[in-house]
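This report refers to the structure that appears directly beneath it.
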Amino acid sequence: MKILILATKNEAVERTVRLLHTAIRKKPNLVLGLATGGTMLDVYQSFAKSALSAGLETDKLTTFNLDEYIGLPANHPQSYRTYMNDNLFANLNIPLSQTYIPRGDALDPEEEAHRYEALLSAAGGLDFQLLGLGENGHIGFNEPSSSLASRTRVKTLTRSTRDANRRYFGCDEGVPKLAITMGIRSIMDAKSIVLLATGSEKAQAVFDMIEGPVSASCPASALQFHQNTTIILDQSSAAELRNTEYYQHVHKDGV
Ligand code: F6R
């Protein structure tokens, strides 16, 4: 794992955006795995803006989102399809037909999950996966106790994830209980992975992911087995780490 600790959230976001640029410049037809959530909002805003100003070629990308809530049609204001269209795709030169997100309103969600995994594999797998981190250590919606060998499937969301997402739905009853999510194995098959976590509320999960044992109790700890993962942190999310001096020695200020 490459651990980059930046001074501020903004610098951590910009570092993430730079890695995206580098990967796309190297391979314009990159198969790119994308996350949603609050952390990614700044990333997508900065990425779309800088891609335009830098003349980055994005029309050959294929994107696969990690997850979608079950029960929400694509045009629901809180669906991840709406989130992605509004926050990234509308501001980027990419045909929507090259952007994949599980269908939350599929009649048979299990079948939709299989279809999605098959699409991913037909695209040749992920070149680059962008991840956020749940306060409980989840990646995608792989909640604690998820099989570390899991593929795309239906998952029940935990109380803590539903609480964290209640702000978007206004009331508790509105927050979906189930989601389709890429599995941990599907994510681990990506050739490279970049995870961004900022803020003190992520500090415990960051510790568990990097310095804790590999365990389904912290799904992100599976990344310890990945050969090309970069973790980008700010000072607050890195606060619980014990080997900070070493990480700073190897990559001073996240360089
Ligand atoms: C959603 C996803 C989740 C989020 C995580 C962090 O697509 O991948 O794993 O990355 O829940 O969410 P925020 O950034 O809102 O704290």
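We did not get these values from a lab; they are worked out from the coordinates using the rules stated. Just so it is clear, the structure is predicted and the values come from calculations on it, not from any experiment. Cβ atoms come from the backbone with ideal geometry, glycine included; neighbour counts cover every protein chain shown.
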Entries in LYS27/LYS155; LYS26/LYS49; LYS2/LYS177; LYS202/LYS252; LYS2/LYS26; LYS26/LYS177 that, when Cα-Cα distance is taken, lie over 28 Å
LYS27/LYS155; LYS2/LYS177; LYS26/LYS177
The long-range amide H neighbours of ASN65, using H built 1.01 Å from N in the peptide plane and a cut-off of under 5 Å, are LEU34, TYR100, ILE101
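I want to verify the translational diffusion coefficient of the chain in µm²/s; compute it with Stokes-Einstein, Rh as the Kirkwood radius over Cα pairs, at 4 °C and 1.567 mPa s. Don't skip to the end; give the middle numbers.
On the way: Rh = 18.2 Å.
Roughly 71 µm²/s, to the nearest whole number.
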With the chain treated as a Gaussian network of Cα nodes joined by springs under 10 Å, which of PRO95, PRO109, PRO144 yields the largest mean-square fluctuation?
PRO95
In the chain, if the dipole is taken from +1 on Lys/Arg beta carbons and -1 on Asp/Glu beta carbons about the Cα centre, which of GLN45, HIS249, SER236 is farthest to the positive end?
HIS249
